[in-house]
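J.: Sharing a structure below in structure tokens format, with a few things to ask.
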Amino acid sequence: MTDAQALVKTLDFQLDTQSGNEGLLYDATLEARSVYNETIRLAKKGVDWDAIPDRVADDANLVKNTTQRVVAKALGAMENYYEYDDFGQPSHTKDGVYPLRANFTEGYNLSLTDDGDVAFRISAKPYKHVKGVLKGSEPHLDILKTALENDEWKIGTAEALFHNDNPELHVNLTNTEQTVRDKHDSRTAVGVDVNEDNVALTALSEGGVEDTLVIDFPEIKFERHRYFTMRKRAQNAGKDSIHDTLEGREKRLVRDRLHKVSRHIVEWSRQFEKPCIVFEDLKEMRDSIDYGTRMNRRLHHLPFRALQFYTSYKASFEGIPTAWIDPAYTSQRCPMCGHTERANRHKKRFKCKSCEHQDHSDRGASVNIAVKGVKKLDWNVPALNSLPVVRKVRRQASGVVDAPTVTHPTARGYQADGRMGVSD
């Protein structure tokens, strides 16, 4: 059995720098590259590794703490080469910019502003700082703000870097009070299929499908479209001043709904033996979307990643690990016979052209995600001779409503009529 791991998060942010700061940061990343390359050169030359940090720092035009962190990363790379490379020492050095590595309060600092933003200060060069505010996803900002106000979190090292020519800050957080079980020590894979108006769940163990559930949340799609229409009308009327107000209201509403749905996903998953929540890796999904202007707008603004992140975040606090799988064909593959065809699916109805199996299309996709999760966890995939009757609940602002009849044993936290027994 593997040991539990401390809860660690790496959060990515864009840097909204003050005027003239971005050039200073860029120069510092070039200097970091020089520090990295010089460390590699001295290590290959046979210089005592303990002497390298001070030797490099004497000539580097960086804050000493940052120089030491970059040197440590270079020496770590050398150590890996010696351990795993049978062909000798590394011959390559870095080109272009290289991330600035810094300790919290020493090489960089973060603070909450009166406006609710997170301000940063990065020591790019001695006595020269890059300042501004962090921009990024609401889930990442929520966690960072919590960390700044909560002693349970330890804010660790961060890297300032350029990604696609844009400055970013990647911050590491650790919660020593929480531990997460290793995913390979799991006994149940919970497949999660996130859609425009619902999330479908399937719990799969070596004994077969334990349970399934579909949670509807149509109000998110409805509210997003409503606020889009309101902003469009305000813009056409020349009332651009209320644009930010409407956008803020929309974000708060959607974030509230996502928090509640993600909490219910974790609560539902907890009932099973050693669960591991399995998601589709949708990072590249938006890059491949091209269904016309209206549909593109709808899909590009769907909070797929936000819901996955909130769920993963809450699961971590319950000690539940998460895993990510390739989303290819999960919505087109028949969970019973494995036949894959695009024509199998029409809206919420799935009918296999090969074995005639019919199902709720999103529930079927969650089964396939769970199956891929089982394979990733290196178990034997059980035979799927039958699936439970689809059970649905609906999320709305007032709670969970709309309960169809349940024809199989109920899950913990849900009443026999299908209504969710978890309070908001």
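Here's the yes/no breakdown for (1) in contact with a Pro (Cβ under 9 Å, 6 or more places away or on another chain); (2) among the aromatic types (Phe, Trp, Tyr); (3) modelled with pLDDT under 90:
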residue: His339; (1), (2), (3): no, no, no
residue: His346; (1), (2), (3): no, no, yes
residue: Lys351; (1), (2), (3): no, no, no
residue: Lys376; (1), (2), (3): no, no, no
residue: Asn385; (1), (2), (3): no, no, yes
residue: Gln396; (1), (2), (3): yes, no, yes
residue: Val401; (1), (2), (3): no, no, yes
residue: Thr407; (1), (2), (3): yes, no, yes
residue: Thr410; (1), (2), (3): no, no, yes
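J.: Same structure again: Return the pair list, or none, for Cβ contacts closer than 7 Å from residues in the stretch 177-203 that are in contact (Cβ under 8 Å) with a residue 40 or more places away in the chain and part of a loop (DSSP other than H, G, I, E, B) to residues that are surrounded by fewer than 21 Cβ atoms within 10 Å (Cβ to Cβ) and among the polar types (S, T, N, Q), at least 6 apart or on different chains.
T.: That search, which allows pairs on different chains as well, returns Asp182/Thr2; Asp182/Gln5; Arg187/Ser205.
J.: Considering only the stretch 213-222, state which residues are modelled with pLDDT of 75 or more and surrounded by fewer than 17 Cβ atoms within 10 Å (Cβ to Cβ).
T.: Pro218
J.: For the stretch 270-288, indicate whether the set of residues that are at pLDDT 90 or above and in a helix (DSSP H, G or I) is non-empty.
T.: yes
J.: Regarding Pro139, is this residue buried (at least 16 other Cβ atoms within 10 Å of the Cβ) and at pLDDT below 85? Write out each step before concluding.
T.: Values: buried (at least 16 other Cβ atoms within 10 Å of the Cβ): yes; at pLDDT below 85: yes.
The answer is yes for Pro139.
J.: Right, here's the next one. Could you list, in sequence order, the residues of the stretch 1-39 that are at pLDDT below 90, of a type in the set (A, V, I, L, M) and surrounded by 16 or more Cβ atoms within 10 Å (Cβ to Cβ)?
T.: Within the stretch 1-39, Leu7 is the sole residue that qualifies.
J.: Look at the stretch 50-82 and say how many of its residues are of a type outside the set (Ser, Thr, Tyr) and either outside the structural domain of Leu161 (by TED's automatic domain parsing) or surrounded by fewer than 14 Cβ atoms within 10 Å (Cβ to Cβ) (or both).
T.: If we filter the stretch 50-82 for residues that are of a type outside the set (Ser, Thr, Tyr), which is where we start, we get 50-65, 68-80.
Now drop any that are not either outside the structural domain of Leu161 (by TED's automatic domain parsing) or surrounded by fewer than 14 Cβ atoms within 10 Å (Cβ to Cβ) (or both), which leaves 50-51, 54, 58-59, 76, 79-80.
Matching residues across the stretch 50-82 total 8.
J.: Oh, and also: Does Val171 satisfy the criteria of being within 30 Å of Gly96 (Cα to Cα) and crowded, with 21+ Cβ neighbours inside 10 Å?
T.: Judged against the criteria, Val171 is a match.
The values are calculated or read from the model by the stated rules, or taken from the named source; none is laboratory data. Just so you know, these numbers come straight off a predicted model, no measurement behind them. Using ideal geometry, Cβ is built from the backbone for each residue, glycine included, and neighbour counts are taken over all protein chains shown.
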